[in-house]
Structures are given as structure tokens and as C-alpha cells.
Amino acid sequence: MAISGCSADNAPSAAPAAAAPSAAQASAETARLRAALLPVPKGMHVAYGPELGAFGSLKSTQQGLAAVRAAKLQRPECAGAAQLDADQPDVAQAPAAVIAFAADRGSITQAVVSLPKKAFPAPLPKECNSYTADVSGTQVTYKTRMLAMPAKGDESRAYLTTAAGDQKNAQIGSVMIRRGTLIMSMLVVGQRVKPQGLYELARLADQNLAQITH
């Protein structure tokens, strides 16, 4: 799982949805998804978004894909493992809402995507638990473990990744929750990410999902 945070620099407040016959329906759906996004956590500020539109067209998605493609992974198959695959047409065209929060201690990026059918990314393959990547000339080692997060929604999964390279360490907590055809994806990046804090964010995110699926 090559992790990349989205940049807040010059980010638009909203991206137009991809033109489609059901554009009006997609617009209504993205407005509904926006209601599922987290409020600003205490001590943080909105760094990006909310951005609404087709998942593959969002600037945050494009930046993430570009960062993964730019990195030279020891195991290329781990690049998008356990994450939504924005290269798949049905996922790329799905209505989505994204927001990012930031503070000195780190960042939170959240996406809520409405898929055309029930789907959930497969668990992280064992061979992706530990691998290296060349990121802009720096050798980075990624080590990931699954967390015992209390079950959320219809399906849920959480991981904690430690990225070490060039005397700099970072931790990335990732959460994925499905309720019906809605998928909530969240990345929490900082020098140290505490599982309990990640679980609390997941609980709040799942509460919001439950409210818009009823």
C-alpha cells in the first residue's frame, strides 16, 4: 500500500462531476455524500475541499495516483492494495466527496464514495506487509499491520503503516468502512498515529454513514 497524502496547495473547493447521462442524479448523490464527511476535528483546519464529483476526476484522487506511479515499488502489486481502485471505470465514475484536515501534528484525508454495487477492497496481501520503494530518490520502507478495530458498518478494516526513510519516520492509519454501496476511506498521517484515536474517527465516520443510508 503506497500511501500518498493529497496536497492542499491551490486545491479547488469543488470539482465538476464527469459529464454523464445521469449528471443530475450524480450531483444529488454527491451532495448527500458531502453530509457524510467529518466535521473539522478539534485543533485542525480544513486543508482541502470538500471536493465533490466523480471519484476518478477528483484532484485528490489524481494526485494520489500520480504519487503512486512516480514511486518505484519493490512490489508494484502493493501500490493500491486494500484501497479503492480508481483505475476501474465503475469506481472512477462513482459519485464521491473528499475532504482533508491538517495540523502541525499531521493530517486526515477522508473520502466517501457511492459505488454502483456492493464492493469492498480485498485485505492487504501478506507480501505487502513489508516492502521498499524509491520515492523521489529516497529509499522508504513500508511496514503494515492490520488493526483489531471494532467492527463498523457492514464491513470494515483498519491498518497501521510505518514509513521509514532518510532519517524520517511517519505513520499512516487507514480505515475502510462499507455500508450498503457506500464506501468510506480515511487516511490519518502523522509522526505517531494512535490506534484508539483512529478508532474514534472511524466511529464518528460510521455514524455519519449510518445517517445518510437510512
Which condition number in (1) assigned to a helix (DSSP H, G or I); (2) open to solvent by less than 20 Å² (accessible area, probe 1.4 Å) is the one that ILE183 fails?
(1)
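When you check THR109 against the structure, is it hydroxyl-bearing (Ser, Thr, Tyr), touching a residue at least 24 places away in the same chain (Cβ under 8 Å) and over 23 Å from LEU201 (Cβ atoms), yes or no? So that I can check it myself, show each step before the final result.
On the way: hydroxyl-bearing (Ser, Thr, Tyr): yes; touching a residue at least 24 places away in the same chain (Cβ under 8 Å): yes; over 23 Å from LEU201 (Cβ atoms): no.
In short, no.
Pick from ILE212, ILE172, ILE177: which is over 18 Å from ALA79 (Cβ atoms), assigned to a strand (DSSP E or B) and touching a residue at least 24 places away in the same chain (Cβ under 8 Å)? First the steps, then the outcome.
Values: ILE212 fails: assigned to a strand (DSSP E or B); ILE172 fails: over 18 Å from ALA79 (Cβ atoms).
Answer to the check: ILE177.
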Of the residues in segment 81-100, those that are under 17 Å from ARG178 (Cβ atoms) and open to solvent by 20 Å² or more (accessible area, probe 1.4 Å) number 6
A careful count of residues in segment 188-198 that are open to solvent by 30 Å² or more (accessible area, probe 1.4 Å) and either of a type outside the set (Lys, Arg) or in a strand (DSSP E or B) (or both) gives 5
Check ARG145 against each of (1) in contact (Cβ under 8 Å) with a residue 60 or more places away in the chain; (2) out of contact with any Gly (no Cβ under 8 Å at 6 or more places or on another chain); (3) not in a loop (DSSP other than H, G, I, E, B) and name the one condition it does not meet.
(1)
Filter segment 147-168 down to the residues that are among the hydrophobic types (A, V, I, L, M, F, W, C) and at pLDDT 95 or above and list them by number.
LEU147, ALA148, MET149, ALA151, ALA158, LEU160
Failed item in (1) open to solvent by 70 Å² or more (accessible area, probe 1.4 Å); (2) over 15 Å from the mean Cα position of the chain (by Cα), with GLN62 passing the rest
(2)
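Test ALA103 against the criterion of being at pLDDT 90 or above, more than 17 Å from the chain's Cα centre (by Cα) and closer than 23 Å to ALA205 by Cβ, and give yes or no.
Details: at pLDDT 90 or above: yes; more than 17 Å from the chain's Cα centre (by Cα): yes; closer than 23 Å to ALA205 by Cβ: yes.
For ALA103, the condition - at pLDDT 90 or above, more than 17 Å from the chain's Cα centre (by Cα) and closer than 23 Å to ALA205 by Cβ - is met.
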Just name the residue that is least open to solvent (accessible area, probe 1.4 Å) out of those in segment 122-139 that are in contact with a strand residue (DSSP E or B) (Cβ under 8 Å, 6 or more places away or on another chain) and without any contact (Cβ under 8 Å) to a residue 60 or more places away in the chain.
TYR131
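The values are calculated or read from the model by the stated rules, or taken from the named source; none is laboratory data. Since we're looking at a predicted model, the values are computed, not measured. We place every Cβ from the backbone using ideal geometry, glycine too, and count neighbours over all the protein chains shown. Note: accessible area is taken over every heavy atom of the protein model, side chains too, but ligands, DNA and RNA are not part of it. Shrake-Rupley method; radii C 1.70, N 1.55, O 1.52, S 1.80 Å.
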